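Every number here is computed from the coordinates shown, using simple stated rules; none is lab data. This structure is a prediction, so every number in the text was calculated from the model and none was measured. No Cβ is skipped: glycine too gets one built from the backbone with ideal geometry, and neighbour counts run over all protein chains shown.
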Amino acid sequence: MSISLNLKSLFGYAAIGDTSNESLMSRYAAKKEKQILAQLYDNCSRDLYHFLLTLSDADLANDIAQLTWLKVIDKSHLYQASGNFKSWLFTLGRRTLIDEFRKLQRFDELQEQHLPIDDKAPEQSIVKEQQESAFEERFKQALGNLPFLQKEAFCLQQEGFSLSDIAQITYSETETVKSRLRYAKSSLRKSLEVQDG
């Protein structure tokens, strides 16, 4: 499934002043002005895509991001003006991704389990620039090895969401989110330590 949809061209972009995402969404929900949606898209699309990319692959993340924006259009009347728009957007994106995982029968990715850490690190002597690149690759691999729910909590925290925001987005208790973050950070630390030898 590939959805090629450029919201900016579809809705005709025009700058809207410097207002908060929450007030923009409230205005969009009330008036359905295309330029307001385009501004929201400009403000938040990269963050949404990055979040989805950390939980899936590039093609699926792109498709789910586009589907999420279509849901923003369809469900704009459900937006609570007192809520954080980005949190609401990520909640829609998460639900859409999980629905797609279910359709693709990728349930195992949604389970909260501890995966074995790959302790086979290739021995390389490389310059500092290459070492940094290698570290980034090891980090991406370690992040990819985390169970879905731990990776999700970690990535949401890296996006700047608070514990209560993450709990709201993932429909979890705050203590559960804390545990997932603790396990995620511990697994990442152990994996990177093992790879560093």
For Ile73, Ile98, what ranking results if the residue with the fewest other Cβ atoms within 10 Å of its Cβ goes first?
Ile73, Ile98
If you stretched the chain out fully between Asp47 and Ser76, how much longer would it get, using 0.36 nm times the residue separation minus the C-alpha to C-alpha distance?
8.5 nm
